[in-house]
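> Here you go, one structure.
Each reported figure results from applying straightforward, stated rules to the coordinates on display, with no laboratory input. Note that this is a predicted model, so its numbers are computed, not measured. Here the Cβ positions follow ideal geometry from the backbone for every residue, glycine too, while neighbour counts run over all protein chains shown.
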Amino acid sequence: MQSKIYKLVGPDGKLYESATPGLLGGYKPRKIYGQLNCPNALRWIARGDYVEHRLFFKDEETAKAAGFRPCSICMPDQYRACKLLEKEGQIDDMVYDLSGLTDEEIALVEGKS
């Protein structure tokens, strides 16, 4: 019996075959990645408008390395951290961890400052 082969996007943005399914989904035209059960993505998939541009990633690190940003709906903390890095001109670091940010920095991201 042959195992299923999955097509995932690598850190270089190119497709490769994997015996393991991706943990995150992506939308190529907008370069967004998120959870496989993201309500927004599932809504678009149900309409049939999303499927042809759907991609899959091994993990978050790979999605970021490929130049994708987190979804604001299913990954709000990572999205806010990404926006802060964009404002500070540090998006190249691609580290979306809010744990080290102050309340003032988070307010900046959310436009409340």
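> What's the center-to-center distance, using Cα atoms, between the range 59-78 and the range 1-43 in Å?
12 Å
> Any chance you could tell me what percent of the C-alpha pair distances in the range 1-51 go past 16 Å?
Beyond 16 Å sits 48 percent of the P(r) for the range 1-51.
> Treating cross-link reach as a plain straight distance, find the lysines whose alpha-carbon is under 16 Å from the alpha-carbon of LYS14, omitting any fewer than eight places away in the same chain.
Partners within reach: LYS28, LYS31, LYS58, LYS64.
> Please give the net charge around THR62, taking every other residue with its beta carbon less than 12 angstrom from that of THR62, where Lys and Arg add +1 and Asp and Glu add -1.
Net of charged neighbours comes to -1.
> Okay, next question. Amide H neighbours of LEU36 under 5 Å, counting only residues 5+ apart in sequence or on other chains, H built in-plane at 1.01 Å?
Close amide H contacts, sequence-distant or interchain: GLY25.
> Non-local amide H neighbours of LYS58 (under 5 Å, H modeled in plane, Pro and chain starts lacking H): which ones?
Placed amide hydrogens put VAL9, LEU23 under 5 Å from LYS58.
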